Amino acid sequence: MVLTASVVTVLLLGFAAVFMAADTASQPAPSAAASVPAAPANPADTAATQKRWKSLTAREKQDLLRNYDIWDKMPPERRERLKKAYDIFVSLPPAKRQELRDKYKKFKSLPPEKKQKVLSRAERWRNMTHEEREAYRQKLARFNALPPEKKKEYKDRLQAIKALPPDQQKLKKAELKTDLDRENIIIPAQ
C-alpha cells in the first residue's frame, strides 16, 4: 500500500485525539478522587473492548471520553473521512503505525510557522490531480536514486538560495528548477 501525503497528513493531524492518550500516558494521573465513569454503554461493545477499557488508567479514560465528545460533535462527513483514514492506519504493520505516531509527535513539537508550512504543503498535495501526484512521486524516486553527493549538491544549492535576499532568490530558483527539470527530479521538502 502506498501512503500519499494527504493520507499521512490526515493520519498525523486528524488523529491527534487518538494519539493524545499515548502522549498523556507519561503525565501523572489525576488523583484517585477524580470521577471516571464506566466504559460508555454501547450494545456493540465486545468483551475485548470492556477488557481494554478496564486496563486504562484514569487519565487515559478521561482523555478518551473527552475525545469521544469531540468525535460526537464532529460533522458526519469529517467523521467519515477520519474513519476511512483510521481504517487505513490500523491495517498498517505495527512498525509503520509507530513511524506515523513518531512523525505526529515531531509535527506537534514544531514551532507554529513550521507547522503552517507542513499544512500548506499538505493542502497543495490535496489539490493535485492523481497525475500530478504520480509525476511528483516519479521525480522524487529519481531524486532518491541519485548518488549521495549529487543529492547533497542539489540540497546545498537550495539552502544557499534560501539564504539570499528575496530579489535574488527568484532568479536562482529558476536556474535550479531548470536543472531539476532537465534531470526530471524534484528535491524533497525539508
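Where does the charge balance sit around Lys84 when Lys and Arg score +1, Asp and Glu -1, over other residues with C-beta under 14 Å from its C-beta?
Working: positive: Arg78, Arg79, Arg81, Lys83; negative: Glu77, Glu80, Asp87.
Summing Lys/Arg as +1 and Asp/Glu as -1 gives +1.
Rg and Dmax of segment 39-124, based on Cα coordinates, read 16.0, 45 Å.
Panel note: the C-alpha atoms of segment 129-190, placed on their principal axes, show extents of 34, 29, 21 Å (largest first). Measuring r between the beta carbons of Ile187 and Lys105 and using R0 = 25 Å, the FRET efficiency lands at 0.50. Using 0.36 nm per residue of separation minus the Cα-Cα distance, give me the extension gain between Trp53 and Arg81 in nm, one decimal. Answer, rounded to one decimal: 7.6 nm. In this simple spin-label model, placing a label point 7 Å from the Cα along the Cα-to-Cβ direction at both Leu158 and Glu113 gives a separation of 1.9 nm.
Bear in mind that the values in this text are calculations on the coordinates, not laboratory data. Fair warning: this is a prediction, and the values are worked out from it, not measured in the lab. Note that we place each Cβ from the backbone using ideal geometry, even for glycine, and neighbour counts take in every protein chain shown.
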